[in-house]
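One structure is given here, and the rest of the page talks about it.
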Amino acid sequence: MGGLHARNAAASGRLELAGFGDHRRDGGARLAGELGARAAPYEEILADPEVKAVIVASSTSSHLENVIAAVRAGKAVFCEKPVSLSADALAAALPEIAGPASPPVFVAFNRRFAPHLAALKWRCDDGEIGGI
């Protein structure tokens with residue numbers, strides 16, 4: 001999913017993809033090179049004052065840890081769902097990641113924003129396809 005989000009960010013025209021962190025260093029470096037970004041450890045990306053936001057598309061079990069780290073670094077966050085596999089862990093983290101002083105944290109099902117699915121919804125809304 002990280003590759004999908006990185007490609008979408010690089011193609012958006014509204015974002016500048018600064019870096020790509022991947023637990024598989026070779027995969028991150030290859031994709032970063034393809035997209036004109038740098039491959040770097042997540043901690044390095046978070047420490048960069050030029051980076052304003054991060055996309056968390058890591059393994060589900062590490063989402064909450066990565067979101068907390070980004071919030072602590074003052075970065076806005078887009079995170080794949082679910083944020084946590086544990087309702088208790090998420091509840092404990094909510095004051096920090098969703099508090100009045102925290103940067104924005106957006107959690108969503110990424111496919112909702114995929115261009116081909118958005119186009120399909122528009123066609124349904126316009127009555128071009130679907131219906132009874």
For the stretch 36-54, pairs from a residue that is among the basic types (Lys, Arg) to a residue that is open to solvent by less than 50 Å² (accessible area, probe 1.4 Å), with Cβ under 8 Å and 6 or more apart or across chains, are ARG38/ALA18; ARG38/GLY19; ARG38/PHE20; ARG38/ALA32; LYS52/LYS75; LYS52/ALA76
Over the stretch 1-18, the set of residues within 15 Å of VAL56 (Cα to Cα), part of a loop (DSSP other than H, G, I, E, B) and modelled with pLDDT of 85 or more is LEU17, ALA18
In the set GLU65, GLU43, GLU128, GLU96, the lone residue that is farther than 22 Å from GLY19 by Cα, assigned to a helix (DSSP H, G or I) and acidic (Asp, Glu) is GLU96
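The values are calculated or read from the model by the stated rules, or taken from the named source; none is laboratory data. None of the values given here were measured: they were computed from a predicted structure. Please note: Cβ atoms are built from the backbone with ideal geometry, for glycine as well, and neighbour counts cover all protein chains shown. Accessible surface areas use protein heavy atoms only, side chains included; no ligands, DNA or RNA. Shrake-Rupley method; radii C 1.70, N 1.55, O 1.52, S 1.80 Å.
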